[in-house]
Amino acid sequence: MTKCKVLIIGAGAVGLSIAAKISENADVSVVCRKRHSDSIAKNGLLMDGIWGEKTVCNINCITEKNPAKNDDYDFIFLTSKSTDTEKLCDEYKGLMSGKPVVSIQNGIGNEEIISGFTDIVLGATITTNFQATGDGRVNVNSESGSMKIGFFPDDSLINYNANEILDNIIEILTKSGIPVEKSSNIKSAIWEKSLLNIAVNPLTAILSVNTGELLDENLKEIVSEIIYEAFEVIKAEKISVKWNDAEDYLSYLFEYLLPAFYTSYTSMYQDLKLNRMTEIDFINGAIVKRGKDHGIITPYNSFVSGLVRYKQKKS
Ligand SMILES: NC(=O)C1=CN([C@@H]2O[C@H](COP(=O)(O)OP(=O)(O)OC[C@H]3O[C@@H](n4cnc5c(N)ncnc54)[C@H](O)[C@@H]3O)[C@@H](O)[C@H]2O)C=CC1
Ligand SMILES: CC(C)(CO)C(=O)C(=O)O
């Protein structure tokens, strides 16, 4: 049987890990930087950590030097930082048009951008910690639950054909050992996942600490205020999440999520360490902006957003 052709656009820590994991069950191409591509050509794609240790040699790399051919992909994963979503969509719009494109990214707003380039948009959440530990080399450090994937904003207008595609994506991920669940309300799932990023990404990046440090009593208080504000905005936006209130979520965060990611370094921590742009405007910045739209003040989210922006400007 011929394998599904999958394109992963913006392959770094997340995209290369997924490529390594699904490579036995799909024909995988990745849009990545030349440094990754050169190393993969020489040594294979190397993965270690909780998703297993692997060297993968059958990945096709698309770079500035090896441009995409007019290939027909069955579906596309977008795994870049949110700051690059628009630019990458524009660059690869010829491959995206009319194809199912799945955003496997953090933050609020990526799916809306993608919907300008294809009419089959899916959102996905992944609550796993990844790091690019070198060129063509990734580590998967910790995980708190399964991926969620579904049509964006919901599946009300989706036809039978599209459903088949989603089942296909889920089958490939599952067969490859990535735990995944179909979501009929991916918009809510994205906000639910975003709460973790809103709580931990800016503080770990500003303080240059791992996620477990946020269990310190002084920091727990700040995290709680950030989350209280986020819940007010979520309520005003009429987004339903699975916790009754902020207190409910904070118990889950402090008792389950932070211990699960105790030794992990967040993607925003990694961005500031490597002098890269962060996704602050898509995470806490989104709370501040939407808060303003509803007349809700969000001083804690505004404060941490300002500090991250200051640091990224300096880097
Ligand atoms: N790292 C983590 O633990 C997690 C990250 N996420 C989210 O997943 C998304 C991806 O995160 P990471 O993989 O950590 O980011 P990353 O920065 O490691 O990977 C993105 C890659 O896209 C590449 N890229 C951007 N523009 C490109 C272009 N024009 N041509 C070729 N390559 C290009 C970048 O150079 C980079 O290597 C983000 O939204 C992040 O918040 C979600 C869960 C966990
Ligand atoms: C799940 C978590 C917190 C993993 O580190 C993440 O999404 C990130 O770092 O951006």
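The values are calculated or read from the model by the stated rules, or taken from the named source; none is laboratory data. Keep in mind that what you see is a predicted model, and the values were worked out from it rather than measured. Note that each Cβ is placed from the backbone with ideal geometry, even for glycine, and that neighbours are counted across all protein chains shown. SASA here: full protein model, heavy atoms, side chains in, ligands and nucleic acids out. Shrake-Rupley method; radii C 1.70, N 1.55, O 1.52, S 1.80 Å.
A Cβ distance below 6 Å, combined with a sequence gap of six or more or placement on separate chains, defines the contacts here; from the stretch 62-90, residues that are assigned by TED's automatic domain parsing to the domain that holds residue 10 reach residues that are assigned to a helix (DSSP H, G or I) and among the small types (Gly, Ala, Ser) in the pairs 63/37; 79/15. Taking the numbered list (1) assigned to a loop (DSSP other than H, G, I, E, B); (2) over 20 Å from the mean Cα position of the chain (by Cα) in turn, residue 178 passes all entries but (2).
Elements of the type strands (runs of 3 or more DSSP E) sitting completely within the stretch 23-88 and holding at least 3 residues that are within 16 Å of ligand 1 (Cβ to nearest atom), open to solvent by less than 50 Å² (accessible area, probe 1.4 Å) and over 19 Å from residue 101 (Cα atoms): these cover 45-49. Restricted to the stretch 128-154, and to residues there that are of a type in the set (S, T, N, Q) and not in a strand (DSSP E or B), the residue that is nearest to residue 56 (Cα to Cα) is 146.
If I ask for residues that are open to solvent by 80 Å² or more (accessible area, probe 1.4 Å) and either of a type in the set (A, V, I, L, M, F, W, C) or touching a strand residue (DSSP E or B) at 6+ places or on another chain (Cβ under 8 Å) (or both), which ones from the stretch 153-173 would you list? Passing the criteria: only 157.
Selection of the stretch 182-202 for residues being assigned to a helix (DSSP H, G or I) and charged (D, E, K, R) yields 187, 192, 193.
Consider the stretch 109-151 and keep the residues that are within 11 Å of ligand 1 (Cβ to nearest atom) and among the hydrophobic types (A, V, I, L, M, F, W, C). The one that is most open to solvent (accessible area, probe 1.4 Å) is 132. Looking across the stretch 197-214, the residues that are more than 21 Å from residue 238 (Cβ to Cβ) and aliphatic (A, V, I, L, M) come down to 199, 200, 203, 205, 206, 207, 209, 214. Note on the stretch 96-108: among residues that are under 12 Å from the mean Cα position of the chain (by Cα) and assigned to a strand (DSSP E or B), the one that is nearest to ligand 1 (Cβ to nearest atom) is 104.
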